[in-house]
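Asker: The following block contains the structure, expressed as structure tokens.
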Amino acid sequence: PLVIHREDYRPPRFVVDAVDLDIQLDPELTQVRARLHLRRQSEADDQPLRLCGEGLALLEIRQDGQTLPKDQYRLEEGALLLLHPPRDFVLETLVQIRPIANTALSGLYFANGHFITQCEAEGFRRITYYLDRPDVLARFGVTLHAEQGPHPVLLANGNRIAAGQEAHGRHWVRWEDPFPKPCYLFALVAGDLGCVRDHFRTASGREVALEIYVEAHHLDACAQAMDALQRAMAWDERVYGREYDLDRYMIVATDTFNMGAMENKGLNIFNSKYVLARPETATDTDYQGIESVIAHEYFHNWTGNRVTLRDWFQLSLKEGLTVFRDQEFSADENSRGVQRIGDVRRLRAAQFPEDAGPLAHPVRPDAYIEINNFYTATVYEKGAEVVRMIHTVLGAAAFRQGMDLYFARHDGQAVTIEDFLAAMEGATGRDLAAFRLWYSQAGTPVVHAAGRYDPAQRRYSLTLRQEAAPTPGQPEKRPLPIPVRMALFSPAGQAMPLRGQEEDGAGDRERILMLDTAEQTWIFTEVSEPPIPSLLRGFSAPVRLEMGFGDAQRAFLASHDDDPFNRWEAMQGLALQALLAAIDQSHGAGVLPELLHGALAAVLSDAQMDPAYRAELLTLPSEDYVGEQMAVIDVEGIHCAREALRRAMGSAFGEQWAADYESLAFPYSRDGVSSGRRRLRNLALAYLLASDASYLDRTRQQYRQADNMTDHLAAFSLLVHQPDADVSDILADFYQRWQQHPLVIDKWFAIQASAPRPDTLAKAQALLQHPAFDWRTPNRVRALLGSLGANATVFHAADGSGYAFLAAQIRHLDELNPQIAARLATPLSRWQRYDAQRQGLMRQALEDLAGKANLSRDLGEVLEKSLK
Ligand code: HT7
Ligand code: ZN
């Protein structure tokens, strides 16, 4: 397969000044007429022009109005070659495509009666012949024609210029986008959609029409999306001085979409999961997801669209930066501490394992076979952490100056990560040379900390040492610049003033140490008592920190640290140690270690604490996170130990959990305090049920009586995940109640597939035949197969049945939707982390898949790297 290298980047030899599309939409046969104004960049160049095109049937081709003779062009695999193109000309092509047969959901597809496009990364070439690369920016005009009855709404980017009727019950609409853009931001939608309208007045006083298009029966489910959009628009003005630039901002929701959403200029297309919400059908987590994805896509208008990418290796330039912006938005709108904990939890769950496995790659990759495989946790979440570190070291005000310069320099351009860093440096005078390594070096550094107190000198010395394991293609690792935000606590629990050789910030109670060599020592003076260090506060760098701590220090920080993240981290550390000790000694964690008991008791009795934060402190580390800390992941040992610890926590604090459960029952309201209460209350119920089977009745009661999906689903999930209860009545009831709501039925599939029960695999097999299962709907496929791949005890069954099952489904799915097939294969790629028997079985499953005929590029790349 063809490998694309970052180093091979060359500027485009032709530019497209303008594109005019005329599209006759028809599910079976759509015709796309494209007029491209092409201009050669160099006089000296006389090479052929290569336009990308995939799956297109070419019907006509004209150059400056004349049919092009056959000897003037050539069709190749994936391309149209113009052999002798003039310097400046108009190319007109007419192609035919079949949207109804497009199951890959890239390009133009027809699903549930709607035409939808997805052009990022390389879908536009499945619509027409084009220079499909992000550094070719053109002005787009498009006329859409369709049958009016089924497709009364015709949308594309920019401004709606004109519309009219045609023969045979058809109509047309003309759209023009004044902003030059790369074709990956092109979009069209046609269908029978209702619209929720509102507006936003920008800081400079312009009225922007806000329109959310959904199927008519969902018009009552758009309030959260609209509200989040208005808040995001105001936030980007307030925090970054960025205004929206068109007169209209449109969002369309579809049930059939490969990812979360897409930031097409002025016409965002969303997975309906991130638009539709009513209290009866959406959980608090769903509401939160909508807020952050709506904001994320909106923020792309500046970070991604107005300033776009030179090439796909720069993907994190828009994605890492935009994730950072959406995380900060959510932190400002909600609880900053809880937001940070959630962000780090996600980073550790997805990115750390990726960075430690065969698919590890730098935030700015050096090579790819299929770019769709690089929409990863590394590019998104680690990329956001790198931006966050830059924000940390520069400070908010200087970071803003850097952003202002970045926009001023590069508005309307296609640029690189290097341009972003240069703007940050240019605006602040700071040298970020060392930070560039974070973009080019893969792998998660481990930072070892060792402290020593000298009572005679009243000095405390802190030594930090960093190391990183090799990753594919990068055997040697260099030291990275790691900002370590820190404080020292006195034994009485006070943050001490920090004095040392570096007098910068002397006397402050918090400081950022910059570890930028393999090992460094800092001396703190006038330290009157042996301190307890709080390091990496707020998770100031994406590293693993080894503190060399005992439980006493963890317990101390769990009760005294005033950094919300580090207090949570200390609690997690206590619970983690209890779990690892239990696994090590092959006993269930049936007894609560004293220090953990004390720390939990303190949190449980602190009625003043924000309930959402309290819930975070009382939640055990996930099974996956525990596994990440082990040399060889002991799937059953982890599950047993964690279940035993949950039981022990349930019975040790039965009264407090019961009191919380009763006292936190409030009428439903959508605000953050209420959702925090629901979270804590449902956690209490989970602990009660873990330790006392008599709570089954109470759980069933909650399932029946809940007036909102958060409580209803929490109870449903607890019941379905009971190891040996017969819950067939509940499963049938849930399906019966919610069968008209696809997003809720996704939850029905997902919860069954994630049950840690011996019958889950058989259940999943049966669910493949369920009438509601649909191979063409990625949400449904992820709900069943993604959940199964993440269900450790079932997927990693010792006999390999989980591996064989998933591999068989991936094989089938690869024929329909390679992007999703490749993603589903990632759990198999982690084979090195398991015992020899499982390793063999996982490799076998990968090898079987690799032998498949017509393997897609997407899946082929994942398999090849996994088996290396
Ligand atoms: N920028 C968007 C990426 C995206 C995508 C990529 C490949 C295939 C399908 C896709 N749908 C959306 C999403 C984002 O805002 O990050
Ligand atoms: Zn994005």
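Any read-out appearing in this document is the output of simple, stated calculations on the displayed coordinates, not a laboratory observation. Being a predicted model, the structure only gives us computed values, none of them experimental. Using ideal geometry, Cβ is built from the backbone for each residue, glycine included, and neighbour counts are taken over all protein chains shown.
Asker: Report, please, the projected area of the range 666-716 averaged over directions, based on the convex hull of its C-alpha atoms, in nm².
Answerer: Details: hull surface 12.7 nm².
Seen from a random direction, the Cα hull of the range 666-716 projects 3.2 nm² on average.
Asker: Oh, and also: How tilted is helix 695-705 with respect to the longest principal axis of the chain? Cα atoms for both, answer in degrees (0 to 90, nearest 10).
Answerer: Computed tilt is about 40 degrees.
Asker: Something else now. Mind jotting down the distance between the C-alpha centroids of the range 1-80 and the range 436-493, whole Å?
Answerer: If you average the Cα positions of each part, the centres end up 52 Å apart.
Asker: Could you work out the percent of alpha carbon pairs in the chain separated by over 44 Å, rounded to a whole number? Walk me through the intermediate numbers first.
Answerer: Working: 115837 of 376278 pairs.
Considering the chain, 31 percent of its Cα-Cα pairs are separated by more than 44 Å.
Asker: Can I ask one more? Could you give me the percent of Cα pairs per 10 Å distance bin for the range 4-275, shortest bin first, beginning at zero and ending with the bin that holds the maximum distance?
Answerer: 7, 28, 34, 21, 9, 1
Asker: Work out Dmax and Rg for the range 489-639 from the C-alpha atoms and quote the Rg first, both in angstrom.
Answerer: 17.2, 52
Asker: Right, something else. Could you state the number of Å between the C-alpha centres of the range 614-652 and the range 673-691?
Answerer: Their Cα centres are 17 Å away from one another.
Asker: Please give, to one decimal in nm, the separation of the simple spin-label points placed at Asp835 and Val239, each 7 Å out from Cα toward the Cβ.
Answerer: 4.7
Asker: Plugging the Kirkwood radius over Cα pairs into Stokes-Einstein for the range 308-440, at a temperature of 4 °C and a viscosity of 1.567 mPa s, what D comes out in µm²/s?
Answerer: Translational diffusion coefficient: 85 µm²/s.
Asker: Separate question: In whole Hz, with x marking every Gly and Pro, tabulate ³J(HN,Hα) for the range 369-381 from phi via Karplus 6.51 cos²θ - 1.76 cosθ + 1.60, θ = phi - 60°.
Answerer: Those phi angles translate into 9, 10, 4, 4, 6, 10, 7, 10, 5, 5, 5, 7, 7 Hz.
Asker: Can you tell me the mean projection area, over all orientations, of the convex hull of the range 137-231's alpha carbons? Units nm², please.
Answerer: Working: hull surface 29.7 nm².
Dividing the Cα hull surface by four gives the mean projection, 7.4 nm².
Asker: Suppose R0 equals 22 Å; then what is the FRET efficiency for Leu83 and His5 from their Cβ-Cβ distance, rounded to the nearest 0.05?
Answerer: My answer for the efficiency is 0.25.
Asker: While we're here: Could you give the length gained on full extension between Gln608 and Ala693, defined as 0.36 nm per residue of separation minus the Cα-Cα distance, in nm? Please report the intermediate quantities before stating the final value.
Answerer: Details: separation 85, 0.36 × 85 = 30.60 nm, distance 3.03 nm.
Result: 27.6 nm gained on full extension.
Asker: Can you give the log10 of the normalised intensity I(q)/I(0) at q = 0.22 Å⁻¹, computed with Debye over equal Cα scatterers of the range 446-541?
Answerer: -1.13
Asker: Can you give me the Kirkwood hydrodynamic radius for the range 1-145, using every pair of distinct Cα atoms, in Å to one decimal?
Answerer: Numbers: mean 1/r = 0.0629 Å⁻¹.
When all Cα pairs of the range 1-145 are included, the Kirkwood radius is 15.9 Å.
Asker: Helix 551-560 versus the longest principal axis of the chain: what is the Cα-based angle in degrees, 0 to 90, to the nearest 10?
Answerer: Relative to the chain, helix 551-560 is tipped by roughly 70 degrees.
Asker: So, one more: In the range 313-369, what chymotrypsin sites (Phe, Trp or Tyr not before Pro) fall in a loop by DSSP, with at most 15 other Cβ atoms inside 10 Å? Working shown, then result.
Answerer: Working: sites: Phe313, Phe324, Phe329, Tyr368; in loops: none.
Here no chymotrypsin sites (Phe, Trp or Tyr not before Pro) fit, given the DSSP loop and packing criteria.
Asker: Something else about it: Cross-link partners among lysines for Lys318, C-alpha distance below 17 Å, same-chain residues fewer than 8 apart left out?
Answerer: Here the lysines satisfying the reach criterion relative to Lys318 are Lys181, Lys265, Lys382.
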